[in-house]
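This report refers to the structure that appears directly beneath it.
The values are calculated or read from the model by the stated rules, or taken from the named source; none is laboratory data. This one's a predicted model, so the numbers in the text were calculated from it and none came from an experiment. FYI the Cβ positions are ideal-geometry reconstructions off the backbone, even for glycines, and counts take in every protein chain you see. Please note that ligands, DNA and RNA were not included when accessible areas were found on the heavy atoms of the full protein model with its side chains. Shrake-Rupley method; radii C 1.70, N 1.55, O 1.52, S 1.80 Å.
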Amino acid sequence: MKTFQTLSKIFHNRVLASPSGSGGNLKSVVIATSIAVFLVLTAPIPVQAQGALEEIVVTARFREENLQSTPLAITAVTGESLEARSALSTLDLDAFVPNAVIAPLGAGWGSTAAAFVRGIGLGDNSLSFEPGVPIYIDDVYHGRPQGAVLDLLDLERVEVLRGPQGTLFGKNTLGGAVRMISRKPQGDNTGYIDVGIGERDKLTLRGSYDFAIVPDQLFVRIAASSKRQDGYFDILDYECVNGAGSLGLGGPGIAAGVFNPATPFTTALTTHPAVGGIRLGSVTGNTDSRGCVVDHLGGENVQSGRVAMRFIGSEAFEVNLIGDITYMDQEGPADKYHIQLRTSTTQASNLGIPGFVQAGVDQWNSRVAIPVFGAGGQYDGRFQTANGYTGYHRFGIDPLTGRDTPNLQLLTHWGLQGTVDWDLTEDIHLKSVTSYREFDNSFGRDSDGTPLPQLFTWDTSIHEQFTQEVQLTGMAWDDRVAWTVGGFYYDAFDSNAGFVTTYPYNSTFSDHRDVQDLSNWALFFHLDWQINDKLSLSGGIRYTEDEKTANIYRVTGNTAPTGVGLPQYVLIPNSEVGVTSEEWSPKVSLDYQWTDDIMTYAQFSTGFRGGGFAPRPANAGQLKAFTPEFLDNYEVGIKTDWFDRRLRLNGTVYYMESADKQQPAQTCSPCAPIPVNFFSTVNTGESRNWGVEVEAQAEPVDGLRIDGSLGYQNYKVTDQGTSLGILIYVPDTTADQSIRGDVMYSPRTPEWNWAIGAEYEYAVGGTGSTITPRLDFNYQSTIWFATNPVAGIVNESDGRQPEYMLMNGRVTWRSPEDRWAVSLYALNLTDEYYYWGKLSLLANSGREQGNPAPPREFGLNVRFNF
């Protein structure tokens, strides 16, 4: 137990040494929790002997197999283990998967999960891009990462497949795939209710009920959850904090006219209407009970439900129908300016920031902000607060344009699916999965982080998809050959509409509407040939036809809504762009079962990401298509059980090569009269990534369970291509290069990540009840949030998240027969301040903003099983 005594001391030292904003009560709770965990971890009375580690059955190759005999790099976690680790959403899955990073994309991106495995993923919500690590729920492919921040509701298990899975799972599975498998109805009249409370008025409700309509034939399982919590990021009233008139007292206004734009990023002179003087003032009154905190970001208000019906016609025939819905109506994500504005012309020049950026700020201040709002109403760096969880955002109606940008994130995401399983013969099984899914996601962002109407956006994204998959599996040759053939069809419609307003009346803003139709169909074949009792050969191939057609509309000017100011003009008049491809995705592997407990394998696998078009074109010259990206993966692995399955140790070494990479080509050639190639995406260059992955589970003594994972990856660009996509004005100074690192890198790709967790279940005297404390540690080395180096980087935090470690804890008491369970949990025990993501615009705006993750949180859950 010395190891766990050491962990307990680390827990004490780090927690008590960390800053706390909750005063003595919080410190007392931390001390009490630490003592409890320490005592429990060193308690001498374990529960009754439990034996070996449990076997986990997976279906990653479309048939049931033991995890330890499946020649794939796969992390499989049961629903019970997810609960023990306080993992409640898709964003929590990366905590125990080597070489994986899953986080919310952040403010301005909607309800989007940025999932990366082995350096492959997608850090954008544009409908023009395809994911690199798609999510599957009950064998249904989710075509967009937007709408994928989902509750882990009533799951049997989660499987995270690492490496390309193009043969069986199709396009976009370059980095891997996340499979969530729900519990099937059993008709056993069981269920549970779970109520949780926590800091910031947190209230969670979860439950399920399983019952039979027709005994032994027709079952139903209902599950639902509700999560509500106030935001952890405070929006402050600027004049309340800094005094009346600090935002200006109102100026003389401006007459209608034309401004010559300060930057080359507009297509015409900027017209503007007459605007009178405006005093921005305070949004609070002298008697306002809110004080200077007028709003929040980072709150949660999500409800979800799922109904599953299972019909068993015979031992050979089964039908499962599932309907689910998720509804979100909450504040926007936490949005903090790490760098509000690096304003000095000298500094801008030294950092490589283009002079026109500084000129644009100065011109908007002199032409619009000061004349309209008065002295004090200019945009500058004073709006950057010292506290990492505060800002001076202002949502609502913009007094210049009349645009309304509320502090909202709205999502309605629902789906229906039907699965038929039919044993045609003793050796042949037919499976059909039919599904329709749809989401509608609207969200606003005050992108300048100030009370000034300088930069704000509003978007509404709609996604509709229909999928049909048929799998035919069977056994042949005295059960030595397991084969699979199948077909897949995907049809989807996407749209995104909204507006962007930047430097009103001194630069253009735009309304946008993008719509696209996608279709994809594929045929695949896979077999596993057991050559002898030890050696097996497996392989397969998939043929895919993929087509995407988009219609792009951009209109800009200084009129929004209609009737305010002067007429708008069209930039892109419903222009069409499309891309099609036909691809083959082969795979082959060889595995050898040395003993009943040791298996090794070697494999070659492939995958591709679908093509698209420039995500945010500002003119017709930027509207260009790009083609698919390809990846080859070479991998060897070992899976072992030791000491009568008391220890499980699995490892993987891989080498991946990527070609025709889809890279942003933010060049400026030609720059006049507009930068035609700016914000386009091209296929260029090659990269390689090799790495090591280790996963371990152990139960050295009854009641004590330890699990861990370790990931290392080494990413390098091997060919920068003929059209290197780097940001303009990148400096070549030695000092800047040493801070920036390699010339190009993969975003959200840590060199190292590891996790270790331990729990110890022991009996409470002779009562029949148990107490199980658990501690989890997760480490991630530095990651970048951009594809290419960024001009303006001057320190170790610009454009990236430095290394950090998180610690979570949970103590659970269970009554006899597990009828009741009470859990005290703590998240981010050491109160680490870190960012889930950053939008670094140092090169073209002199600013950088990020999405800080939540601070330390304590809570309590009570569960009743029936």
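A few remarks follow.
- Scope the range 813-832; condition over 14 Å from Asn778 (Cα atoms) and open to solvent by 40 Å² or more (accessible area, probe 1.4 Å); matching residues: Trp813, Arg814, Pro816, Glu817, Asp818, Arg819, Trp820, Val822, Leu824
- Residue satisfying condition, being at pLDDT 95 or above, of a type outside the set (Asp, Glu) and within 23 Å of Ser225 (Cβ to Cβ), within set Leu824, Leu775: Leu824
- Scanning the range 600-629 for residues that are within 30 Å of Val694 (Cβ to Cβ) and either more than 22 Å from the chain's Cα centre (by Cα) or surrounded by fewer than 22 Cβ atoms within 10 Å (Cβ to Cβ) (or both) returns Thr600, Tyr601, Ala602, Gln603, Phe604, Ser605, Thr606.
- Summed over the range 173-205, residues that are within 30 Å of Pro215 (Cβ to Cβ), open to solvent by less than 50 Å² (accessible area, probe 1.4 Å), part of a strand (DSSP E or B) and not hydroxyl-bearing (Ser, Thr, Tyr) total 4.
- Residues that are open to solvent by 20 Å² or more (accessible area, probe 1.4 Å), in contact with a Ser or Thr (Cβ under 7 Å, 6 or more places away or on another chain) and not in a loop (DSSP other than H, G, I, E, B) within the range 371-395 comprise just one, Gly381.
- Residues of the range 84-109 classified as over 14 Å from Gly711 (Cα atoms), touching a Lys or Arg at 6+ places or on another chain (Cβ under 7 Å) and among the polar types (S, T, N, Q), total: 1
- Condition met for Ser845 (at pLDDT below 90 and assigned to a loop (DSSP other than H, G, I, E, B)): yes
The rows are residues; the columns are (1) crowded, with 18+ Cβ neighbours inside 10 Å; (2) in a helix (DSSP H, G or I); (3) out of contact with any His (no Cβ under 8 Å at 6 or more places or on another chain); (4) modelled with pLDDT under 50.
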position	(1), (2), (3), (4)
Ala36	no, yes, yes, yes
Ile45	no, no, yes, yes
Ala60	yes, no, yes, no
Gln68	yes, yes, yes, no
Ser81	yes, yes, yes, no
Ser86	yes, no, yes, no
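- Flag for Ser226 being modelled with pLDDT of 95 or more, crowded, with 18+ Cβ neighbours inside 10 Å and of a type in the set (Ser, Thr, Tyr): no
- Test for Gln358: is it farther than 30 Å from Gly147 by Cα, among the polar types (S, T, N, Q) and either open to solvent by 20 Å² or more (accessible area, probe 1.4 Å) or modelled with pLDDT under 90 (or both): yes
- Matching entry among Leu824, Leu839 (being in a strand (DSSP E or B) and under 19 Å from the mean Cα position of the chain (by Cα)): Leu839
- Residues that are within 21 Å of Gly402 (Cβ to Cβ) and either modelled with pLDDT under 85 or among the polar types (S, T, N, Q) (or both) within the range 267-281 comprise Thr270, Thr271, His272, Pro273, Ala274, listed in sequence order.
- Qualifying residue in the range 224-232 (condition: among the acidic types (Asp, Glu), touching a residue at least 12 places away in the same chain (Cβ under 8 Å) and either out of contact with any Gly (no Cβ under 9 Å at 6 or more places or on another chain) or within 30 Å of Gly298 (Cβ to Cβ) (or both)): yes
- Within the range 682-704, the presence of at least one residue that is polar (S, T, N, Q), modelled with pLDDT under 95 and outside any strand (DSSP E or B) is confirmed.
- Restricting attention to the range 206-221, the residues that are in contact (Cβ under 8 Å) with a residue 40 or more places away in the chain, of a type outside the set (D, E, K, R) and part of a strand (DSSP E or B) add up to 4.
- Test: residue in the range 542-559 that is modelled with pLDDT under 95 and assigned to a loop (DSSP other than H, G, I, E, B): yes
- Only residues that are open to solvent by 40 Å² or more (accessible area, probe 1.4 Å), polar (S, T, N, Q) and within 24 Å of the chain's Cα centre (by Cα) were counted in the range 749-783, giving 1.
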